[in-house]
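Structure, as structure tokens:
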Amino acid sequence: MIAANESKTIEAPHGQSLAAWLESLGHLGGWYRPDIKHTRPDFPWLSHYATGVPARLAYPNQTLAWLLEQAAQRFPTRTACHYYQEHLTYSELLEKARRLAAVFIREGLQPGDRVGVLFPNLPETLITLFATWLAGGVVVSLSPLMVADEVQRLLSATGCRFVVTLDVLSPLVCVGTHVPDVVILSSLSGRLSRLETLGYAWVRFQRLGFGGACPKTRVLQFDDAIKHAPRELNSPAMSVDSPAFVLPTGGTTGNPKAVTLSHRNLLSQAWQLAHWSRSYHGEETILAVLPFFHSYGLSSSVLMGFALGATLVLHHRFRPQSVIRLIEEHRPTVFLAVPAMLAALNKDLRQKKHDLSSLQRVISGGAALPQKIADEFHSVSGAQIVEGYGLSEASPVTHAGPVNGTVMSGTIGLPLPDTEARIVDRETGMQQMPLGEVGELMVRGPQVMLGYWHDPAATDRVIREGWLHTGDLATCDERGYFRIVDRIKDLIITSGFNVYPGDVEEVLRTYPGLKDVAVVGDPDEDRGEVVRAIIVVESTKTFHRSDFDDFCHQKLAAYKRPRKVDVQTQDLPRNFLGKVLRRELRKQEN
């Protein structure tokens, strides 16, 4: 999302501007909010955009399949993705996607039918995503981290008739009450190292035994199906406002739901991020280890990457040593990450120096990025590190640090082009708060979801008059920089005082010897709630509670001090994006 060279701008081939190129092809639409002006007193962030980043954009009036088609047209021989020894050019990737789309249509897929995609980051993932959109289908995003019951619930709720997955993951799909009509299987066999191949074969045997996968449904083999499918494809006409991507989320109200994003939502997001980056097309290489089954990895790696004609370096699982090897081998310029990834890399890089000098920009999201983690990774890589913010309901990015070196530490940056943001009182959501005061963050823009899948009541609770209520408490300063304070549901009210766990955690992290910390509220008869700190240390023998209490007395107001302190050596529970699961900590005995 961030350019290394401030003078670079988005360009089409032969020096033609991107807008002029699109207009010449008849692809230029008008997807921007006419009420957003280039300068508005209530949008202070606009005057702090990096040079060349517009306040509003004109968006291609196309469905998502167009992103791959235009990349293949402009950069046919450029490598679209690397995976181990395998690489596909943009033209090869498009051909495979068209062939798989033809398979879907031959097997009876109708426009609007749902296709479950259950993959880690593989070339097959990219092929299947775009094949589904070429065939007029809707991707239902399934995570390899799910258990079978979770997969079955989502398949049933969305009425998935097709699933494309790995052979070792097929038991998640094929044992349950909802069995798809067609399952298309791929495998990692033959692409891994010798040791990894043996491990993969053992896992496959444990899960499938000597029998075949999915005995009760029609099964096709991925490579064979594509090999024998026709190259030509007549894609059905689809509305840009039709659903494109459905993914499960805890949502802004806490209960699992399925976010529904349209072609317009996701292509708008790709365009916002591509313009924010101010990069030349066809020059970037993106280290793509963020999972594509989440909208963060999908939008920031795949869709932005294809909008820029970038090369994606794929890996199916984040391991620090593997990522370091990929950086040294493929020399990526952009790394999309979460804080937990950067922390793990820092730990390995302390042991041995490696050449990470190719990295120019690191974009961190998914959770708050501690400054000491950012500083350490910058010191070993030299990369500019920018923090962003978003949520699945917004495709997901709404804010990001600017490109021009004016990143404000501790903030999530500025709203993206065509994105409105305001802070409102959390009681009614109607009154806009003065600059600097805490309230709920609301956002509005073309990337905000259609709604929750078949759940209009839940949709109406979070989207009102086009504004998405994020459920996050935030502030905005006079320059338009936003800072997340906490989740509304995580707010602690003790003796009438508001305590924001993130503020307390920021202070406690400076206490010597702590590996990690989380703060939650515990019910209390006298105070309503009291602050409980869960701290992670290397050894409980070296932690002295009296010293810790003295530190808290010096650094925290009385109502913010932890009344209860749990000391442990095991890591805090986190989701795959690195967010601490405070609800799990609240359930723990204390």
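Bear in mind that the values in this text are calculations on the coordinates, not laboratory data. As the structure is a prediction and not an experimental result, all values here were calculated from the model. A quick note on method: Cβ atoms are made from the backbone with ideal geometry, for glycine too, and the neighbour counts reach across all protein chains shown.
Dipole orientation for the chain: of the candidates 230, 320, 110, 230 has the Cα lying most toward the positive pole (charges on Cβ; Lys, Arg +1; Asp, Glu -1). Judged by the gyration tensor of its Cα atoms, with axes a ≥ b ≥ c, segment 88-238 is oblate; a/c meets the 1.5 cut and b/c is at least as large as a/b.
Against the chain, whose longest principal axis is taken from its Cα atoms, helix 65-74 shows a tilt of about 70°. Shown for 500, 389: other C-beta atoms within 10 Å of each C-beta, ranked fewest to most, produce the order 500, 389.
Neighbour counts of C-beta atoms inside 10 Å place 487, 194, 444 in the sequence 194, 487, 444, starting with the fewest.
Rounded to the nearest 20, the size of the Cβ-charge dipole of segment 374-515 about its Cα centre is 120 debye, with Lys and Arg at +1 and Asp and Glu at -1.
Restricting segment 143-252 to GluC sites (Glu not before Pro) that sit in a DSSP loop and have at most 13 other Cβ atoms within 10 Å of their own Cβ leaves 232. Cysteine residues of the chain whose C-beta has no other cysteine C-beta under 4.7 angstrom: 81, 160, 476, 552. Placing +1 on the Cβ of every Lys and Arg and -1 on the Cβ of every Asp and Glu, with no other charges, gives segment 491-587 a dipole of roughly 200 debye about its Cα centre. Annotation: average projected area of the chain is 27.5 square nanometres, based on the convex hull of Cα atoms across all directions. Maximal additional length on extending the residue 536-residue 431 stretch stands at 33.8 nm, based on 0.36 nm per residue less the C-alpha distance.
In this label model, residue 202 and residue 509 are separated by 3.8 nm, measuring between points 7 Å along each Cα→Cβ vector. Among 514, 585, 548, pick out the residue whose Cα is farthest towards the positive end of the charge dipole of segment 491-587, where Lys and Arg carry +1 and Asp and Glu carry -1 on C-beta, about the Cα centre. Farthest towards the positive pole: 585. Too long at a 21 Å Cα-Cα cut-off: which of 515/564; 347/587; 352/579; 347/555; 555/587? Beyond 21 Å between Cα atoms: 347/587; 352/579; 347/555; 555/587.
In a reduced charge model with +1 at each Lys and Arg Cβ and -1 at each Asp and Glu Cβ, the chain shows a dipole moment near 940 debye about its Cα centre.
Reported to the nearest whole Å, the Cα centre-to-centre distance from segment 554-590 to segment 344-422 is 24.
Remark: 333, 311 ranked as 333, 311, counting other beta-carbon atoms within 10 Å and listing the fewest first.
How far is helix 320-330 tilted off the main Cα axis of the chain, in degrees rounded to 10, range 0 to 90? Rounded to the nearest ten degrees, it is 50. Report summary: the helix-based calculation at 222 nm, which adds -39500 (n - 2.57) for every DSSP H run with n ≥ 4 and divides by the residues of the chain, gives -8500 deg cm²/dmol.
What residues of segment 389-405 lie in the reach of a label at residue 150, counting those whose backbone N is under 17 Å from a point 7 Å from the Cα along Cα→Cβ? It comes to 392-393, nothing else. Rounded to the nearest 10 degrees, the inclination of helix 123-134 to the longest alpha-carbon principal axis of the chain is 70 degrees.
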